[in-house]
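Visitor: One structure, pasted below without further comment.
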Amino acid sequence: WLCLPYFDSPSVFAAILASLPAVDVRVIAFDTAVVDLTDAVEDPVDVLFGVQLGGGTDINAAVAYCQQLIEQPTETVFVLISDLLEGGVRTEMLRRFGQLVTSGVTAVALLALSDTGKPTYDTDNAAALAALGVPAFACTPDLFPELMAAAINRQDVARWAGDHGLV
């Protein structure tokens, strides 16, 4: 089970993962609103162009929405793709991530990449997530499938990222 709040090139990977019978993929886009794009996950073009969002970022609201969808925490991989610039309630966002980790969810924060390929993100939130057991790092699209394989196989994602020079 994957939940990808926000969308970008991982929507292509979400479509690929959705074609696997053993994987239930959810795609959630957000700014200050939360939009469930799961029905369009099999068509990455629909996912990429089906919704126009802009202005503001309420990560807490997106995590809250995704939290209610999780039925089997120990079978869930939660991937947040964001710059971690929280426009909502930071303490609630961190509390929710703590709840996810405590319940057994494998959670990962993939940092947004700039046009130059460098991560741009809120370093305080990345450090706070890492302290909760949610590794936060940038991952290029070519490594995304390997990352997902590591997460689905319940490997130590932080170690995987370190082994690939991503931390």
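Visitor: Heavy-atom accessible area of T32 with all protein chains present, probe 1.4 Å, nearest 10 Å²?
Guide: So the heavy atoms of T32 present about 100 Å² to solvent.
Visitor: In whole Hz, with x marking every Gly and Pro, tabulate ³J(HN,Hα) for segment 56-69 from phi via Karplus 6.51 cos²θ - 1.76 cosθ + 1.60, θ = phi - 60°.
Guide: 3J(HN,Hα) across segment 56-69, in whole Hz: x, 9, 10, 4, 4, 5, 5, 5, 4, 4, 5, 4, 6, 8.
The values are calculated or read from the model by the stated rules, or taken from the named source; none is laboratory data. Note that the coordinates shown come from a computational prediction; the quantities given were computed from them, not determined experimentally. SASA here: full protein model, heavy atoms, side chains in, ligands and nucleic acids out. Shrake-Rupley method; radii C 1.70, N 1.55, O 1.52, S 1.80 Å.
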